[in-house]
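Read through the structure below, which is laid out as structure tokens, and then see the notes.
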Amino acid sequence: MRSTPSVPGLPALVFAALAGTMAMMSFVAVVGPVVRLLGLSEWHAGLSVTAAGVLWMLSARPWGGLSDRIGRKRVLVIALLAYALIYIVMAVFVDTALRSPPAVWLSVLALVGTRSLVGLFYAAVPPTAAALVADAAPPGERAGVMAKLGSANALGMVVGPAAAGWVAYQNLSLTLYLAALLPLLSLGAIAWGLPSATPPAATADRPRSRLAWHDARLRLPVLAVFLAMISVTIAQVTVGFFAIDRLRLSPADGARMAGLALTAVGVGLILAQIGVMKLKGVPPRRWIAIGALISGVGFASVALVQAPWQLLATYALAAFGMGFVFPSFQALAADSVDAHEQGAAAGAVASVQGLGMVIGPMVGTLLYRVAPPLPYLLVGVLLLALSVASALHARRAP
């Protein structure tokens, strides 16, 4: 993941994306067993992720617009500092609760509250990083650079869940304590490795940009991120329960299997995003169409899983397709707007990402209670629809 001269501070961004994703995925890998050990229900896990998505959805656009006005680096430092502090509080509570379980309402309140605040502040990172890339990289080359950030996220999905799963096998609380160090490392990388720059809006004699979700220029990237995030969050929040129930594993073994499944996701994402970086001539619309089709087949196939290796294979295939989708909708959004709108556009797309995080976990856990295969079949249908919509859009585009 070598940086390019056109994007100053890209190594710091790449490292921050790596460490931040490791922290996020470490929580996902252990939330199922933690919920079971605290005597909570599956929908409580879905509620914690959904609440984070609500605040992500509401704050992503303001964060992106703020970075246009006060600078990208300042926004990243503020957000990562708050993210680190909140994660530490969450780790301390889980450790205490596992030793002496409190009332159910208190456990739910603490998990939902801390996870919500994580969503509030981490929502600043993806749109600000995407806007930084769009500031420096020319149109047509942004997908490749954003794929480098995506590869860092994917590597975080490999290392984070794998480490979390193995550590959780011995000590669930220690997993979160170790994960709490990662946002601090991200903060250090940004503070010392990212150069300060004049806010884009300060050099543009234009009114403040307020891009809406329904802006005609953003329709396809908004649809892509919405359906992709619904699919990803459903798969994330149900994998621990699926491993325990379908594969008949203990909570500790379920945590380890969830970690391995999310590791397979990271491997698939890395392989796909290497392809995006190498094949620069493929337009983002086409990548979305291809990726959504592959990912839909992978997720739908989870409904047929009966053995651990099958779960790993289907998640890896689904992630391989998603590796084409994620950098492509970000690049498509950046290519569709003007320079002074980059933060606002990235924020608009990220806020829809939060909306997907709101809807996906609740839908996934509710469907899971009806029948474990249902969430995965729904994801397959949604991604097939996205593939068709992207293919039709690519035909109409110049």
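The values are calculated or read from the model by the stated rules, or taken from the named source; none is laboratory data. This one's a predicted model, so the numbers in the text were calculated from it and none came from an experiment. Here the Cβ positions follow ideal geometry from the backbone for every residue, glycine too, while neighbour counts run over all protein chains shown. Just the protein is used for accessible areas: all its heavy atoms, side chains included, with ligands, DNA and RNA removed. Shrake-Rupley method; radii C 1.70, N 1.55, O 1.52, S 1.80 Å.
Just to be sure, is Val358 at pLDDT below 80, more than 24 Å from Ser151 (Cα to Cα) and in contact with a Phe, Trp or Tyr (Cβ under 9 Å, 6 or more places away or on another chain)?
Considered against the rule, which asks whether it is at pLDDT below 80, more than 24 Å from Ser151 (Cα to Cα) and in contact with a Phe, Trp or Tyr (Cβ under 9 Å, 6 or more places away or on another chain), Val358 comes out as yes.
Looking at Ala82 and the list (1) in a helix (DSSP H, G or I); (2) of a type in the set (Gly, Ala, Ser); (3) touching a residue at least 40 places away in the same chain (Cβ under 8 Å), which single condition is not satisfied?
Ala82 satisfies all of (1) in a helix (DSSP H, G or I); (2) of a type in the set (Gly, Ala, Ser); (3) touching a residue at least 40 places away in the same chain (Cβ under 8 Å) except (3).
Suppose we filter the stretch 1-52 for residues that are open to solvent by 40 Å² or more (accessible area, probe 1.4 Å), modelled with pLDDT of 80 or more and not in a helix (DSSP H, G or I); how many remain?
1
Residue by residue through the stretch 214-251, note down the ones that are at pLDDT below 80, under 21 Å from Asp135 (Cα atoms) and either in contact with a Phe, Trp or Tyr (Cβ under 8 Å, 6 or more places away or on another chain) or surrounded by fewer than 22 Cβ atoms within 10 Å (Cβ to Cβ) (or both).
If the condition is that a residue be at pLDDT below 80, under 21 Å from Asp135 (Cα atoms) and either in contact with a Phe, Trp or Tyr (Cβ under 8 Å, 6 or more places away or on another chain) or surrounded by fewer than 22 Cβ atoms within 10 Å (Cβ to Cβ) (or both), then Asp215, Arg217 are the ones that fit.
On the basis of being open to solvent by 40 Å² or more (accessible area, probe 1.4 Å), aliphatic (A, V, I, L, M) and touching a helix residue (DSSP H, G or I) at 6+ places or on another chain (Cβ under 6 Å), does Leu332 make the cut?
no
Are any of the residues in the stretch 22-32 under 26 Å from Ser151 (Cα atoms), free of Cβ contacts under 8 Å to residues at least 40 places away in the same chain and small (Gly, Ala, Ser)?
No, there is no match, as no residue in the stretch 22-32 is under 26 Å from Ser151 (Cα atoms), free of Cβ contacts under 8 Å to residues at least 40 places away in the same chain and small (Gly, Ala, Ser).
So how many residues does the stretch 67-83 have that are surrounded by 22 or more Cβ atoms within 10 Å (Cβ to Cβ) and not acidic (Asp, Glu)?
Residues meeting the conditions: 7.
Please find, within the stretch 178-208, the residue that is modelled with the highest pLDDT out of those that are outside any helix (DSSP H, G or I) and open to solvent by 30 Å² or more (accessible area, probe 1.4 Å).
Here the answer is Pro195.
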